[in-house]
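Colleague: Here's a structure for you.
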Amino acid sequence: MVRILIIQDQDSENEPLLLCLREIHDLTITVGIDAAKAALRHEDFDVIISNVFHTGWNVFDFLREMKCNPMLRGIPIIYFCSRRGRFANIANNALKSVFRELGAIGFVAVEEFYVGDNFAQTEMERRFESLICAGHQSGLTVPCRTD
């Protein structure tokens, strides 16, 4: 079982993310950067999943800070966008490129897994599992779930 730290904003809509992960992984959910940093000081995590949009802090600075910290740089980070709609579609392509350049192992946009109001949960689960495995195979210390 993979230990995952999920960082969300108080108004994040992470239900699709939780549906995909809560049955198969050990999740710690924090609200805001201060709670996330406290969790990282006191617990070991295999993966961090952070929502893209947060009030009061910059996700790009957090990613840089993680990659500069020798104790934390080996933890794979996946960014997640829970927003849907026109704005999300425009932002997602640009964000995906930027996060990869800064060292995140992936970016998942919930918009990609909806057709109308139908949510493709199994497909989203597969995407997260493939990213978690990619972190493991790249030499990071993440267990790889193969089923």
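The values are calculated or read from the model by the stated rules, or taken from the named source; none is laboratory data. No experiment lies behind these values; they were computed from the predicted model shown. Cβ placement follows ideal geometry from the backbone for every residue including glycine, while neighbour counts extend to all protein chains displayed.
Colleague: Could you identify the single residue in Ile7, Ile29 that is touching a Ser or Thr at 6+ places or on another chain (Cβ under 7 Å) and free of Cβ contacts under 8 Å to residues at least 60 places away in the same chain?
Modeller: Numbers: Ile29 fails: touching a Ser or Thr at 6+ places or on another chain (Cβ under 7 Å).
None of the others qualify; the one that does is Ile7.
Colleague: One residue is enough: does segment 77-96 have a residue meeting the conditions among the polar types (S, T, N, Q) and within 17 Å of Cys20 (Cα to Cα)? Outline the logic, then answer.
Modeller: Taking segment 77-96 as the starting set, the residues that turn out to be among the polar types (S, T, N, Q) are 82, 89, 92-93.
Checking the rest, the ones that are also within 17 Å of Cys20 (Cα to Cα) come to 82.
Scanning segment 77-96, I find at least one residue that is among the polar types (S, T, N, Q) and within 17 Å of Cys20 (Cα to Cα), so the answer is yes.
Colleague: Where residues in segment 32-68 are of a type in the set (Val, Ile, Thr) and under 15 Å from the mean Cα position of the chain (by Cα), which of them is nearest to Val110 (Cα to Cα)?
Modeller: Step one: list which residues in segment 32-68 are of a type in the set (Val, Ile, Thr), which gives 33, 47-49, 52, 55, 59.
Going one step further and asking which of them are under 15 Å from the mean Cα position of the chain (by Cα), we end up with 33, 47-49, 52, 59.
Values: Ile33: 22, Val47: 19, Ile48: 17, Ile49: 13, Val52: 12, Val59: 18 Å.
Taking the candidates together, the pick is Val52.
Colleague: May I ask you to list pairs of residues, at least six apart or on different chains, whose Cβ atoms are under 7 Å apart, with the first in segment 84-113 being polar (S, T, N, Q) and the second being outside any helix (DSSP H, G or I)?
Modeller: The qualifying pairs are Asn92/Cys81; Asn92/Ala109.
Colleague: Additional query: Can you tell me how many residues within segment 1-23 are farther than 30 Å from Pro70 by Cβ and either more than 14 Å from the chain's Cα centre (by Cα) or exposed (fewer than 15 other Cβ atoms within 10 Å of the Cβ) (or both)? Talk me through it step by step, then tell me what you get.
Modeller: Of the residues in segment 1-23, the ones farther than 30 Å from Pro70 by Cβ are 10-11, 13, 15-16, 18-20, 22-23.
Remaining after also requiring either more than 14 Å from the chain's Cα centre (by Cα) or exposed (fewer than 15 other Cβ atoms within 10 Å of the Cβ) (or both): 10-11, 13, 15, 18-19, 22-23.
Residues that pass the stated criteria total 8.
Colleague: Test Gly85 against the stated conditions and say whether it is over 24 Å from Gln121 (Cα atoms) and touching a helix residue (DSSP H, G or I) at 6+ places or on another chain (Cβ under 9 Å).
Modeller: Considered against the rule, which asks whether it is over 24 Å from Gln121 (Cα atoms) and touching a helix residue (DSSP H, G or I) at 6+ places or on another chain (Cβ under 9 Å), Gly85 comes out as no.
Colleague: Out of all the residues in segment 73-89, which are within 17 Å of Gln8 (Cα to Cα) and either over 18 Å from the mean Cα position of the chain (by Cα) or assigned to a loop (DSSP other than H, G, I, E, B) (or both)?
Modeller: Pro76, Ser82, Arg83, Arg84 - these are the residues of segment 73-89 that are within 17 Å of Gln8 (Cα to Cα) and either over 18 Å from the mean Cα position of the chain (by Cα) or assigned to a loop (DSSP other than H, G, I, E, B) (or both).
Colleague: Assuming Glu125 fulfils every condition listed in (1) without any contact (Cβ under 8 Å) to a residue 40 or more places away in the chain; (2) more than 16 Å from Leu5 (Cβ to Cβ); (3) in contact with a helix residue (DSSP H, G or I) (Cβ under 7 Å, 6 or more places away or on another chain) apart from one, which condition is it?
Modeller: Glu125 satisfies every listed condition except (1).
Colleague: Ok, one more. Would you confirm whether or not segment 38-52 contains a residue that is basic (Lys, Arg) and either surrounded by 13 or more Cβ atoms within 10 Å (Cβ to Cβ) or outside any helix (DSSP H, G or I) (or both)? Before the answer, list the steps.
Modeller: Step one: filter segment 38-52 for residues basic (Lys, Arg), giving 41.
Filter once more, so that each one left must be either surrounded by 13 or more Cβ atoms within 10 Å (Cβ to Cβ) or outside any helix (DSSP H, G or I) (or both): none.
No, segment 38-52 contains no residue that is basic (Lys, Arg) and either surrounded by 13 or more Cβ atoms within 10 Å (Cβ to Cβ) or outside any helix (DSSP H, G or I) (or both).
Colleague: Within segment 79-101, does at least one residue satisfy the condition of being at pLDDT 85 or above, under 25 Å from Cys133 (Cβ atoms) and out of contact with any strand residue (DSSP E or B) (no Cβ under 8 Å at 6 or more places or on another chain)?
Modeller: no
Colleague: Which condition number in (1) in contact with a helix residue (DSSP H, G or I) (Cβ under 8 Å, 6 or more places away or on another chain); (2) not in a helix (DSSP H, G or I) is the one that Pro70 fails?
Modeller: If we test Pro70 against (1) in contact with a helix residue (DSSP H, G or I) (Cβ under 8 Å, 6 or more places away or on another chain); (2) not in a helix (DSSP H, G or I), just (1) comes out false.
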